[in-house]
Each structure stands twice: as structure tokens, then as C-alpha cells.
Amino acid sequence: MAGYIAKGAVVTCSDARIADTVEGWLFARYDLGLVDRIIRPGATAYGESVLLEIVELHGLHHFPELTLAHHTDCGKLPENDRNDHIRQMKAFATRLHERIPEVIVQIALVHTHEEYVEIVETLYDVST
Ligand SMILES: [Zn+2]
């Protein structure tokens, strides 16, 4: 089934502790819609290789929005400072926007132990 259009995409960490929280949030946000998942240690931590995966996936499924979801207590990002997470995701969003300007990017923080997803900011939404 080539060429379908996904409702969204998410980039999140491989950490098993957040899997149920992320899936629950995706289910609530997109109902039963198709959402592409890019799951890597540290979410955006590998930079360019993750960007390339997103660009390739967008070329296949044309999702209109993408959520970057780092999480608290992440082993890949030892500082685990809230502002550092947000700064890193925003820097990644800037690079992503240069490649795929039409995609809305949400910055989210998954609270690992409290088990919820916090939407920090929505970027590049030209419809509002
Ligand atoms: Zn992690």
C-alpha cells in the first residue's frame, strides 16, 4: 500500500518505560489514524541520520505534522535538564524545517515517571 497519507509522525526514544505513555497519547490525539513512528535512542540525539529518516518517511507518507518527543530521565541525554531537552529539540526542528518547510513541528516532553506527554510548543503552523 504505497502512497497513503499519514495523519502525523512522531520521533521518540527507544526507552521501553515510555512506550505505553507515548502510544496512549498518540491514540488520544490521532484516534485510529495512521501515525509513523521513528524510535531511536535519545529521539533526535543522532542528528543527521534521524533527519534523513524523517525526510525519507515524509516522501513516502506526506504527514502534515511531526512531534519531537524527548523524555525525562533519558539515558542517552545524561544532563536531562528540561531546558537542554527543549533547546536540542528546537535546534533539530530548525534543521528539519529547512528540509521540509511544510511540516508543522510539535515539541513535546514525555514525563517518564509521571507517565504523561507535555506539549511544549508548536512550530511552523501557518494556518493560525
Ligand atoms: Zn531515552
* Report the antiparallel proportion of the DSSP beta bridges in the chain as a percent, rounded to a multiple of 5. => 30 percent
* Can you give me the Cα centroid spacing of the stretch 100-128 and the stretch 40-61 in angstrom? -> 16 Å
* Structure fact -> Karplus-derived 3J(HN,Hα) from phi for the stretch 43-58 (6.51 cos²θ - 1.76 cosθ + 1.60, θ = phi - 60°), whole Hz, x at Gly and Pro, runs 6, 8, 4, 8, x, 4, 5, 6, 4, 5, 5, 5, 4, 5, 5, 5
* To do: Would you please give the residues with an amide H less than 5 Å from that of GLY8, counting only those at least 5 places away or on a separate chain, with H modeled from the backbone geometry?
  => ASP36
* Asked: Residues with amide H under 5 Å of GLU118's amide H, sequence separation 5 or more or different chain, H placed in the peptide plane at 1.01 Å from N; which?
  -> LEU109, VAL110, HIS111
* **For the chain, radius of gyration divided by Kirkwood radius, i.e. Rg to Rh on alpha-carbons** => 0.93
* Averaging sequence separations of C-alpha pairs under 8 Å and six or more residues apart, then dividing by the length of the chain, give the relative contact order as a whole percent. => 29 percent
* Which ³J(HN,Hα) values in Hz, rounded to whole numbers, follow from the phi angles of the stretch 9-21 under the Karplus curve 6.51 cos²θ - 1.76 cosθ + 1.60, where θ = phi - 60° and Gly and Pro get x? -> 8, 9, 10, 9, 7, 6, 3, 4, 5, 9, 4, 5, 4
* So who's got an amide H within less than 5 Å of the one on LEU123, skipping anything under 5 residues away but keeping other chains? H placed 1.01 Å off N, in plane. -> VAL105, GLN106, ILE107
* Structure fact -> If PHE92, PHE27 are placed from fewest to most neighbouring beta carbons inside 10 Å, the sequence is PHE27, PHE92
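Coordinate-derived values only; no laboratory data. These figures come from a predicted structure and were not determined experimentally. Glycine gets a Cβ as well: all are built from the backbone with ideal geometry, and neighbour counts include every protein chain shown.
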